[in-house]
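Colleague: Below: one structure in structure tokens.
The values are calculated or read from the model by the stated rules, or taken from the named source; none is laboratory data. Please read these numbers as outputs of a predicted model, since none were measured by experiment. Cβ: placed from backbone, ideal geometry, glycine included. Neighbour counts: every protein chain shown. What goes into the accessible areas is simple: the full protein's heavy atoms, side chains included, and nothing from ligands, DNA or RNA. Shrake-Rupley method; radii C 1.70, N 1.55, O 1.52, S 1.80 Å.
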Amino acid sequence: YGAPGVEFMGLHEENNTVMQIHFIPDQCQLVTLLDDNSLHLWSLKQHGGASELREEHRFTLKGPPGSPPSATQITAVLPHSSREVLYLGTESGNIFVVELPSFQVLEDRTITSEAVLQRVPEDNCNRRSCELVEALREHPKNPDQILIGYSRGLIVLWDLQNNKVTHHFLGSQQLENLYWQRDGSKFISCHYDGSYTQWPVSSDNRQPEPLENTVPYGQKFVPVNVGRPVLSASVNPVSAEFDDPSAMVVLAEEELVVIDLKTAGWPAVHPPYLASLHCSAITCSHHVSNIPLKLLSSSFQVLVMELNDEDAEHVVDHAEADLLQDQEGYRWKGHEKLKTRDGPVRFEAGFQPFVLVQCQPPAVVTSLALHSEWKLVAFGTSHGFGLFDHQQKRLVFVKCTLHPSDQLALEGPLSRVKSLKKSLRQSFRRIRRSRVSSRKRRGGSGNASEVQEANAKFDQDTLQEMELAPVQRKIEARSAEDSFTGFVRTLYFADTFLRDSSRHCPSLWAGTNGGTVYAFCLRVPPAERRMDEPVRAEQAKEIQLMHRAPVVGILVLDGRSTPLPEPLEVAHDLSKSPDMQGSHQLLVVSEEQFKVFTLPKVSSKLKLKLTALEGCRVRKVTVANFGSCKTDDYSENDLAVLTNLGDIQIISLPFLKLQIRYPCIRKEDVSGIASCVFTKYGQGFYLISPSEFERFSLSTKWLVEPRCIVD
């Protein structure tokens, strides 16, 4: 229970928040309540050798015609131990009874607020005392009695057989929850101000007085666990007078906490997860394969830092990279750079920062690449990119990629809202330029009135085209004046043939939002002179894609048309060494097409126009190794491509043939598409909430669907 791989997932068709979950006793069933007031019955059933969580029924409680929504707004749910009915408390104070599993309302068994008031002395309550049912609890010894708690503090014990109140209890504070003692002689009421009260339940009908009323000393306590019971992890046999729990599980708003009740001081139990559930939103993620066990034992974070087994105190070196290089006409309008701390800083054992590189202007870092063998790190922003030698702790070079007209990149943090109007204007200009140029090619001309009429018709047709068929556009050349053309989208290290076909050398490749690819030759000194000689870089190539679509991926294929492996994996015999004898090829992936070039001449070899043919755009791309599920001797490398429509396409290498297409993420789920990451072996993750990942697999060899069985 709670082990990795033990999982049953049910997905509501409705896109609504799950407010409550209740198990039906001993039935492998549960009921969910959504914020649209609908109830859903789920069952665990075996199918194909595994148990699946399936939705059996759904139901919405309806009130009489003309009644307000509060009359049937469900606030409390009690699955009865008979497993035959649900008791539903509402905002109006009425309690409805529905039959399981049909969800049929048993109207003759409804507990109305008027019926409750008839049995409570008038001087102790009024009509408003019975509004909003806050809690429903079945008597632990007598299933014919239920405890009903109302928001304003009134609590009654209701006899289901005789339809009457046997006891009533008057709390002085707003009620939050109720809990029975296991022998049924007492119960506890929890209140909004942090107080709790113990109430005796006598065999006669006399008005009980509270045994104990406790308020935490010195401060008010506002429960974050409003309306939900606190669960004990273990209990004694039913015959025991009191529970003897070893732990307490508390569901807070942003995390799941387990408290050790057997250890002095009640410390929290460290959960075996990377982070607490819903602790904070995930903003960036990267998948790492083939991690050595030594590194794992010393996940729990993946950062570009230096690994140290002991605590350390040292000064973090500081370097600055001026991406504008004092060019005239550029002026940064955003925030100032962060100030660095002087003097030594103490760090705990693990990954410890040892050098800080600050970009000027201080814009968002949009891309990052690390080569652990060469001791180099490349970084990019909306203004350019640079290369840093983290062994010598010196800047190798910077390259400004700004276009003279790209003023938005100088106005501070990237903003979609800020550039929306400009983007729309530019889109119309591109389409208009395309239509005008095509008209000129046809030799068409006309007088001013004809041109005006044609322009008006063009505007109307364009709007209809954008509204009715947004994905059927052809690839149109983009202007160099478009926003954020210098935005660096991808960085890539490769040891390949860049200058000539006889000698290979280290290289750095960069792709921008404007469809430009830069290639730099690098000279990395050998290990024995690594600290004495500087790393040198020289620009060798510059490629401009004709359609100027953003470059989202760069890849070099070796002589066997296999993607270059990670150098660290080759050094540890986890991957085969690349073929450096045959000709290498360069694959450039933009949002709209794939294009293969020969190296070192960089001449076009073949391409696949994805947007023109499929009507979609590339959002994420990676090389995935697909192994055979029948033999370990065969595998192939293909491209896994996520599009803006949420589907995943598998494209062969190096011939760029579409193999198969899978629907994966809803196209409306923009955050899910933006957060998707692929693994090297055909799996992937994407966010289904700000802090929850969904896992999927494209490979028949690596299945990630949890196959669990409940007897």
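Colleague: Quick one: would you say Phe103 is assigned to a loop (DSSP other than H, G, I, E, B), over 19 Å from Leu11 (Cβ atoms) and open to solvent by less than 60 Å² (accessible area, probe 1.4 Å)?
Modeller: It is true that Phe103 is assigned to a loop (DSSP other than H, G, I, E, B), over 19 Å from Leu11 (Cβ atoms) and open to solvent by less than 60 Å² (accessible area, probe 1.4 Å).
Colleague: If we keep just the residues of the range 1-54 that are aliphatic (A, V, I, L, M) and not in a strand (DSSP E or B), which is least open to solvent (accessible area, probe 1.4 Å)?
Modeller: Taking the candidates together, the pick is Ala3.
Colleague: So Gly615 ticks every box in (1) small (Gly, Ala, Ser); (2) in contact with a Lys or Arg (Cβ under 8 Å, 6 or more places away or on another chain); (3) at pLDDT 90 or above but one. Which box is left unticked?
Modeller: (3)
Colleague: Further question: Can you tell me which residues in the range 672-692 are open to solvent by 40 Å² or more (accessible area, probe 1.4 Å) and either assigned to a loop (DSSP other than H, G, I, E, B) or touching a Leu at 6+ places or on another chain (Cβ under 6 Å) (or both)?
Modeller: Selection gives Lys680, Tyr681, Pro690.
Colleague: Quick check: anything in the range 545-558 modelled with pLDDT of 90 or more, open to solvent by less than 40 Å² (accessible area, probe 1.4 Å), of a type outside the set (Lys, Arg) and over 34 Å from the mean Cα position of the chain (by Cα)?
Modeller: yes
Colleague: Could you give every pair whose Cβ atoms fall below 9 Å, whose first residue belongs to the range 632-651 and is under 19 Å from Leu610 (Cα atoms), and whose second residue is in a loop (DSSP other than H, G, I, E, B) and among the polar types (S, T, N, Q), counting only separations of at least 6 or pairs across chains?
Modeller: none
The rows are residues; the columns are (1) open to solvent by 20 Å² or more (accessible area, probe 1.4 Å); (2) in contact with a Ser or Thr (Cβ under 7 Å, 6 or more places away or on another chain).
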position	(1), (2)
Ser577	yes, no
Val589	no, no
Glu592	no, yes
Leu606	yes, no
Thr611	no, no
Glu614	yes, no
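Colleague: Separate question: Look through Gln181, Gln173 and report the one residue that is under 21 Å from Pro25 (Cβ atoms) and of a type in the set (S, T, N, Q).
Modeller: Gln181
Colleague: Tally the residues that are surrounded by fewer than 15 Cβ atoms within 10 Å (Cβ to Cβ) and over 21 Å from Lys399 (Cβ atoms), restricting the search to the range 357-380.
Modeller: Result for the range 357-380: 1.
Colleague: Looking only at the range 9-47, which residues are of a type in the set (S, T, N, Q) and either within 22 Å of Arg707 (Cα to Cα) or touching an Asp or Glu at 6+ places or on another chain (Cβ under 6 Å) (or both)?
Modeller: Answer for the range 9-47, where residues must be of a type in the set (S, T, N, Q) and either within 22 Å of Arg707 (Cα to Cα) or touching an Asp or Glu at 6+ places or on another chain (Cβ under 6 Å) (or both): Asn16, Thr17, Gln27, Gln29, Ser43, Gln46.
Colleague: When the range 74-84 is examined, which residues are found to be more than 34 Å from the chain's Cα centre (by Cα) and either under 16 Å from Leu147 (Cβ atoms) or surrounded by 17 or more Cβ atoms within 10 Å (Cβ to Cβ) (or both)?
Modeller: Correct list: His80, Ser81.
Colleague: Moving to a separate point now. Looking only at the range 322-348, how many residues end up being outside any loop (DSSP other than H, G, I, E, B) and either open to solvent by 90 Å² or more (accessible area, probe 1.4 Å) or of a type in the set (Val, Ile, Thr) (or both)?
Modeller: 2
Colleague: Specify the residue that is surrounded by the most Cβ atoms within 10 Å (Cβ to Cβ); the eligible residues are those in the range 164-192 that are among the charged types (D, E, K, R) and in a loop (DSSP other than H, G, I, E, B).
Modeller: Per the stated criteria, the residue is Arg182.
Colleague: For the range 665-678, indicate whether the set of residues that are polar (S, T, N, Q) and within 28 Å of Leu256 (Cα to Cα) is non-empty.
Modeller: There is at least one residue in the range 665-678 that is polar (S, T, N, Q) and within 28 Å of Leu256 (Cα to Cα).
Colleague: Follow-up. Give the residue that is most open to solvent (accessible area, probe 1.4 Å), with candidates limited to residues of the range 310-321 that are within 23 Å of Gln391 (Cβ to Cβ) and not small (Gly, Ala, Ser).
Modeller: Glu310
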